[in-house]
Amino acid sequence: RTGDFDVFGTRVSPAGEVLDPQGIAVCRRAQIQINADVAWNGANWLVAWHDFWRHQYDIYAARVASDGKVMDTTAIAVSLASSGQYYPAVAGSDTAALVLWHDARASTYRTYCARVLQNGTVLDPDGTMVSSTSSMNPDAAFDGTNYFAVWDDYRGGGADVYGARI
């Protein structure tokens, strides 16, 4: 729609009605913002994506209120680690959201995560390693007490699915 790779969203009513037909511009800036994921954190939506703004891929996020207002016009830096971070997945709880991604700071991709509070504070700015083996494509859910993360794991030569409670 803009000729750029930006992050847009829309709200959908419980009846399936699109509430924002023009979309909500979550992040519009130079470079590439792609592969967004979203979760409710108990107070608002947290949208995370990987972003080429610093000329390497990093993980950024923004909070979006239930009325569609973007609360973070300057995106939240979730991970600015060396090399690159890609493909975030977000799971929400009533106090925070967990953002996972695959991370290239080691010789092979590893799965890392960080918690983001409802006020936008990143509790783990360096990220916490979830998988110490070659892994990609993380995802997560919250069961009311713990997060459960899963990822494709290549320790046996092929892709197997591993998981961990966080």
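The values are calculated or read from the model by the stated rules, or taken from the named source; none is laboratory data. Remember, predicted model here, so these are calculated numbers, not experimental data. Here the Cβ is made from the backbone with ideal geometry for all residues, glycine too, and neighbour counts use every protein chain on show. Just so you know, the surface numbers come from the protein's heavy atoms only, side chains and all, with ligands and any DNA or RNA stripped out. Shrake-Rupley method; radii C 1.70, N 1.55, O 1.52, S 1.80 Å.
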Please give the peptides 94-104, 40-50 ranked by average Cβ packing (other Cβ atoms within 10 Å per residue), highest first, as a rough proxy for protection. 94-104, 40-50
For Met71, distant residues with modelled amide H under 5 Å away: Arg63, Val64, Ala65
Note to self: Kirkwood Rh of the stretch 1-141, Cα pairs, one decimal, Å, is 15.2 Å
Please compute one quarter of the surface area of the Cα convex hull for the stretch 117-166 and express it in square nanometres. 4.1 nm²
So if each residue of separation counts as 0.36 nm, and I subtract the Cα-Cα distance between Glu17 and Thr133, what length gain in nm does that give? 37.5 nm
Give the carbon-plus-sulfur fraction of the accessible surface of the chain in %, rounded to a whole number; probe 1.4 Å, heavy atoms of protein chains only. 51 percent
Using a 1.4 Å probe, what is the accessible area per residue for the stretch 1-119, in Å²? 47 Å²
Kirkwood hydrodynamic radius (C-alpha pairs) into Stokes-Einstein, the stretch 1-72, 25 °C and 0.890 mPa s, D in µm²/s: 192 µm²/s
Cα→Cβ-extended label distance, 7 Å offset, between Thr10 and Tyr162, nm: 4.0 nm
